[in-house]
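Notes for the one structure printed next.
Since every read-out is calculated from the coordinates, none of them should be taken as a lab result. None of the values given here were measured: they were computed from a predicted structure. Note that we place each Cβ from the backbone using ideal geometry, even for glycine, and neighbour counts take in every protein chain shown.
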Amino acid sequence: MVREMVVMNPFHIYIPTSVHFGEGQLQELPNIIKRYMGTKVQLVTDQGLVKAGVIERVAAQLNTAGFQVDVYDGVEPDPGIDTVDRVVEAFNEAESDLLLAVGGGSSIDAAKGARLIISQGGNIRDYSGINAKPIREASNIPVIAMPTTAGTGSEVTFFGVYSDWENNVKVTVTSPFLAPNAAVVDPSLTYSVPPHVTAASGIDVLAHAVEAYLSRASSPFSETLALRAIELVGANLRKAVFYGEDRMARNYMSEASLLAGIAFNHSFLGLTHAIAAAISGHAHVPHGIAIGLMLPAVMNYNLPVDADKFLRIGQALSGSPVYNPDETVELVQTLTRDIGIPQRLSDVGVTKDMLEGIARQTLESVQLRFNPRPATERDVFEIVNAMF
Ligand SMILES: [Fe+2]
């Protein structure tokens, strides 16, 4: 609910996903699947994880436990709408009865979208936008998500994001009924993630937490989770990028991703995600890169609205008191620079003639409603133009 002139937002807490967190949880996967009565597992993943041998390990473990496993490994980064259709085809052909996503947000979103299409028909586009078809609760197909990056929080979120490559736009589907039934978060799956992916997914975690915290729909519940996630990112993201073998840092980043995901389920996001979706749609920039690039600029735009909140973000991020809200923006800017996030839109393939279209499309985003400071198309153009 958007903040009105009341003392405190009314709030509602809903966490439909059963979360199993901790190093070694992968071993529990067969027992977790058994709880959902699945016997024929449709594994949804990407080719990188197949090449790394992760999928073979997971499939062997499930085969030993008596499950039939069919692997769909065609999920690409920022998955297209067609990819969802191909997962649906694979599921139907193999006569599977459960979806297991192993991968980053792309594979998890593909599985979440596939369940929607299998149980309610149509195409992903039908469930997005102003005239979106309503999403019903009932589906007898369980979705289990096993994230291999610390980033999107998709293992617990009510969102699925898909690329409509025909129209160069991102399509977002939103419903609590999109959330996976179970999330198996085993941080050991993130230990071999390379630095540039760790950086892009980690800065996305920070953006989820910051936007959830500043959101017009924030509540004491979402703010508490968001601040803890910011604290964890501040203390661990650099370590996870530079010393990937630091297991504690990896564990804390997985925790941060999870908490930030639960936080933004309850408060939505804001202008950084609205602009980043438009940038990704126009120039095919990976989500985390577009987010990391825009986060400091959008924070700077939002700063006049609530200086106190900025001080608390700065304190959580740095672990020491911050007395000037500008410092918080500088802390975030320095973090993005340190971990190698590009600093200009022109560095990531955005051209000057795209800026107006990006600004126009940003205004269509649902996330914009939740940004603490209203923004017109002109405001957004000025923000992206300054970052060009
Ligand atoms: Fe994100």
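Remind me, what semi-axes does segment 124-236 give for its equivalent ellipsoid, largest first in whole Å, using sqrt of 5 times each Cα gyration tensor eigenvalue?
The three semi-axes for segment 124-236 are 25, 18, 16 Å.
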Over segment 1-109, relative contact order from alpha-carbon pairs under 8 Å, at least 6 apart, %: 32 percent
From the gyration tensor of the Cα coordinates in the chain, what semi-axes in whole Å does the equivalent ellipsoid have, largest first, with each one equal to sqrt(5λ)? 32, 23, 20
Dipole axis of segment 85-209 (+1 Lys, Arg; -1 Asp, Glu on Cβ), positive-most option in Tyr162, Ala111, Asn140: Tyr162
Using θ = phi - 60° and the Karplus form 6.51 cos²θ - 1.76 cosθ + 1.60, what ³J(HN,Hα) does each residue of segment 375-382 get, whole Hz, x for Gly and Pro? 9, 8, 4, 5, 4, 5, 4, 5
Column: log10 I(q)/I(0), Debye, Cα scatterers of segment 321-379, q = 0.16, 0.19, 0.20, 0.31 Å⁻¹: -0.80, -1.00, -1.04, -1.05
Calculate the dipole size of segment 266-388 relative to its Cα centre from +1 charges on Lys and Arg beta carbons and -1 charges on Asp and Glu beta carbons; express the result in debye to the nearest 20. 180 debye
For helix 220-242, report the angle its Cα long axis makes with the longest principal axis of the Cα atoms of the chain; keep it between 0 and 90° and round to the nearest 10°. 80 degrees
How many angstrom lie between the Cα centre of segment 136-168 and the Cα centre of segment 177-247? 16 Å
Amide H of Val169: which non-local residues (sequence gap of 5 or more, or other chain) have their own amide H closer than 5 Å, using H built in the peptide plane? Asp164
Over the residues of segment 232-315, compute the C-alpha Rg and express it relative to 2.2 N^0.38 Å. 1.23
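To the nearest 20 debye, what charge dipole does the chain have about its Cα centre, counting +1 at the Cβ of each Lys and Arg and -1 at the Cβ of each Asp and Glu?
The calculation lands at about 540 debye.
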What is the magnitude of the charge dipole of segment 173-272 about its Cα centre, with +1 placed on the Cβ of each Lys and Arg, -1 on the Cβ of each Asp and Glu, and no other charges, expressed in debye to the nearest 20? 60 debye
Final fewest-first order of Lys309, Lys112, Lys239 on the 10 Å Cβ neighbour count is Lys239, Lys309, Lys112
Going fewest to most other Cβ atoms within 10 Å around each Cβ, Glu327, Glu28, Glu95 line up as Glu95, Glu28, Glu327
Filtered hits (lysines, Cα-Cα < 16 Å from Lys40, offset >= 8 within chain) -> none
Cα long-axis angle, helix 105-120 against the chain (0 to 90 degrees, to the nearest 10): 60 degrees
Value at 222 nm in deg cm²/dmol, rounded to 500, when DSSP H runs of n ≥ 4 in the chain each add -39,500 (n - 2.57): -15500 deg cm²/dmol
Using only the alpha-carbon atoms, how far is helix 247-265 inclined from the longest principal axis of the chain? Give it as 0 to 90 degrees, nearest 10. 80 degrees
Formal net charge of residues neighbouring Ala276 (Cβ-Cβ distance under 12 Å; K, R +1; D, E -1): -2
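Please give me the summed charge of the neighbours of Phe388: other residues whose Cβ is under 14 Å from its Cβ, Lys and Arg +1, Asp and Glu -1.
Result for the local shell: -2.
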Short version: ³J(HN,Hα) in whole Hz for each residue of segment 94-102, in order, from phi by Karplus 6.51 cos²θ - 1.76 cosθ + 1.60 (θ = phi - 60°), x for Gly and Pro, what are they? 7, 6, 6, 10, 7, 9, 10, 8, 10
Dividing the convex hull volume of the Cα atoms of segment 63-189 by its residue count, what figure in Å³ per residue is obtained? 107 Å³
By a straight-distance test (C-alpha under 27 Å), which lysines pair with Lys170 as possible cross-link partners, with residues fewer than eight away in the same chain excluded? Lys112, Lys133, Lys352
Two-decimal Rg/Rh of segment 284-369 from alpha-carbon positions, Kirkwood Rh? 1.01
Please list, in chain and number order, the residues 5+ apart from Gly74 or on another chain whose amide H is under 5 Å from its amide H, with Hs placed from the backbone. Thr45
Going residue by residue through segment 295-302, the Karplus relation 6.51 cos²θ - 1.76 cosθ + 1.60 with θ = phi - 60° gives ³J(HN,Hα) values, rounded to whole Hz and with x marking Gly or Pro, of 4, x, 5, 6, 4, 4, 5, 7
Its Cα gyration tensor gives segment 1-91 an equivalent ellipsoid whose semi-axes in whole Å, largest first, are 33, 20, 14
Between segment 279-313 and segment 321-367, what is the C-alpha centre distance in whole Å? 5 Å
